[in-house]
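Here the structure is laid out as structure tokens; the discussion comes afterwards.
Every number in this text was worked out from the coordinates using simple rules, so none of it is lab data. What you see is a predicted model, and the numbers here were worked out from it, not measured in a lab. We place every Cβ from the backbone using ideal geometry, glycine too, and count neighbours over all the protein chains shown.
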Amino acid sequence: ITAEKAGYDHFMLKEIYEQPKAYRDTMMGRIAEDGRSIQLSELGMTQEQVKEIRRIHIVACGTAYHAGLVGKSVIEQLARIPVETDVASEYRYRNPIITPDTLVIVVSQSGETADTLAALREARRCGARVLAITNVVGSSVAREADAVLTTWAGPEIAVASTKAYSSQLIAFYLVGLYLAQELGTRDEAAIAEVASALLALPEQVESLLAQADALKAIAEKLARHNSLFFIGRGLDFAVAQEGSLKLKEISYIHSEAYPAGELKHGTLALIEEGTPAIALVTQEELAEKTLSNIKEMKARGAHVLAVTNESNLQEVAKSVDEQFAIPNTLPILTPALSVVPLQLVAYYASLALGHDVDKPRNLAKSVTVE
Ligand code: G6P
């Protein structure tokens, strides 16, 4: 077993550290050599067929659903096609409008999740084209979909998903760019700009991993609390939801992810002296607004850790108690970096509390009942 963990204490930690490789492998062969175009023949769609897509539905469960929240924003921004993201167990029963010009993207690490598989079948029954983003070649979801985009994260053993989630983000960047390229919503220079920033991500993740000790210290302090908040706006809110889930899954500490601007409409009532909060502030355009929400929380006694990008660090540091910087990248790509410190905080909090990191109570790696 020690050999399987390659010297790491837990599979989760090993898998967190495998993310640079997972990113590289998922991008390999899909970004053209010259970095100016995206090649996704796996989608099996002609340019004409891409032009016929009127809407996209992203359907998944758990962590894969959270990747889908990022995917929605990425595809809408790049390709300007309307996207909805649903939890699979809700999608099936809400009588969704699925037409033959709908592209349904199901996301599943295992490719075996019962609710996701049922949603896929429903979508196909309605005549939609189904693309599966999955980590397991030959899985049920892969076999039944019209097209498969494999995330090459490699086997994920820990119940709490890390490298599968972040590789799903990479898959969404590739899909968004590909659609943009085929539809002409982004020109070659714009595609090349995002592609080159994508290619820089693995090394940037390595630089984050090198700072794990700082996050360990932060996590050990957080582990003394019963409840905390994650806040953010836009893509930061999507990542906040994943950070909150990760912490809950393995540390059993209650947390809530909230859109930063929505706090004042109810949840601010829960902030007391010392309530910890993790604020994601990576979106330059929204930073000022989020900072004013942080000030509202701090005025009620919250202890705030900000995860922000290097270029914002000095400004943000003035308003928070602690800060952690991710390397600068394009605003659309920050989730692929900002999730890493949140994974490490969850890991070290669970460790500090003495829980079974890889096998949290009540949870299964893959849920094959509805
Ligand atoms: C289970 C796992 C989660 C996972 C979800 C969806 O609940 O514990 O970590 O996100 O299933 O799994 P999938 O394999 O479809 O991505």
task = Tell me which of these residue 157 doesn't satisfy, since it passes every other one: (1) among the aliphatic types (A, V, I, L, M); (2) under 27 Å from residue 181 (Cβ atoms); (3) within 15 Å of the ligand (Cβ to nearest atom).
result = (2)
task = Restrict the check to segment 95-109 and report whether at least one residue is touching a helix residue (DSSP H, G or I) at 6+ places or on another chain (Cβ under 8 Å), more than 11 Å from the ligand (Cβ to nearest atom), within 24 Å of residue 189 (Cβ to Cβ) and in contact (Cβ under 8 Å) with a residue 40 or more places away in the chain.
result = no
note = By my count, helices (runs of 4 or more DSSP H) wholly in segment 42-147 with at least 3 residues that are more than 15 Å from the chain's Cα centre (by Cα) and surrounded by 24 or more Cβ atoms within 10 Å (Cβ to Cβ) are 114-125
message = Looking at segment 323-354 only, could you name the residues that are more than 17 Å from residue 286 (Cβ to Cβ) and surrounded by fewer than 16 Cβ atoms within 10 Å (Cβ to Cβ)?
response = 354
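Looking at the structure I just gave you, is residue 26 within 27 Å of residue 350 (Cβ to Cβ), β-branched (Val, Ile, Thr) and surrounded by 16 or more Cβ atoms within 10 Å (Cβ to Cβ)? Break it down stepwise before answering.
Values: within 27 Å of residue 350 (Cβ to Cβ): yes; β-branched (Val, Ile, Thr): yes; surrounded by 16 or more Cβ atoms within 10 Å (Cβ to Cβ): yes.
So residue 26 passes the test.
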request  = Within segment 238-256, track down each residue that is in contact with a helix residue (DSSP H, G or I) (Cβ under 7 Å, 6 or more places away or on another chain) and surrounded by 23 or more Cβ atoms within 10 Å (Cβ to Cβ).
outcome  = 238, 239, 242, 243, 246, 247, 250, 251, 255
note = Exactly one of 228, 268, 286 is of a type in the set (A, V, I, L, M), in contact (Cβ under 8 Å) with a residue 12 or more places away in the chain, outside any helix (DSSP H, G or I) and more than 16 Å from the ligand (Cβ to nearest atom), and that one is 228
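Would you be able to tell me the number of residues in segment 224-237 that are closer than 21 Å to residue 351 by Cα and either buried (at least 24 other Cβ atoms within 10 Å of the Cβ) or among the polar types (S, T, N, Q) (or both)? Write out each step before concluding.
Within segment 224-237, the subset closer than 21 Å to residue 351 by Cα is 224-230.
Now drop any that are not either buried (at least 24 other Cβ atoms within 10 Å of the Cβ) or among the polar types (S, T, N, Q) (or both), which leaves 226-227, 229-230.
Within segment 224-237, residues that are closer than 21 Å to residue 351 by Cα and either buried (at least 24 other Cβ atoms within 10 Å of the Cβ) or among the polar types (S, T, N, Q) (or both) number 4.
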note = Residue hits (segment 57-76; away from the ligand (no atom under 16 Å from the Cβ) and touching a helix residue (DSSP H, G or I) at 6+ places or on another chain (Cβ under 6 Å)) are 73, 74, 75
inquiry  = Show the residue pairs meeting these rules: Cβ distance below 9 Å; 6+ apart or different chains; first residue within segment 239-253 and without any contact (Cβ under 8 Å) to a residue 40 or more places away in the chain; second residue of a type in the set (Gly, Ala, Ser).
reply    = 244/255; 244/257; 248/255; 248/346
Close pairs from segment 358-370: first over 20 Å from residue 90 (Cβ atoms), partner more than 8 Å from the ligand (Cβ to nearest atom) and assigned to a loop (DSSP other than H, G, I, E, B), Cβ under 6 Å, at least 6 apart = 358/10; 358/158
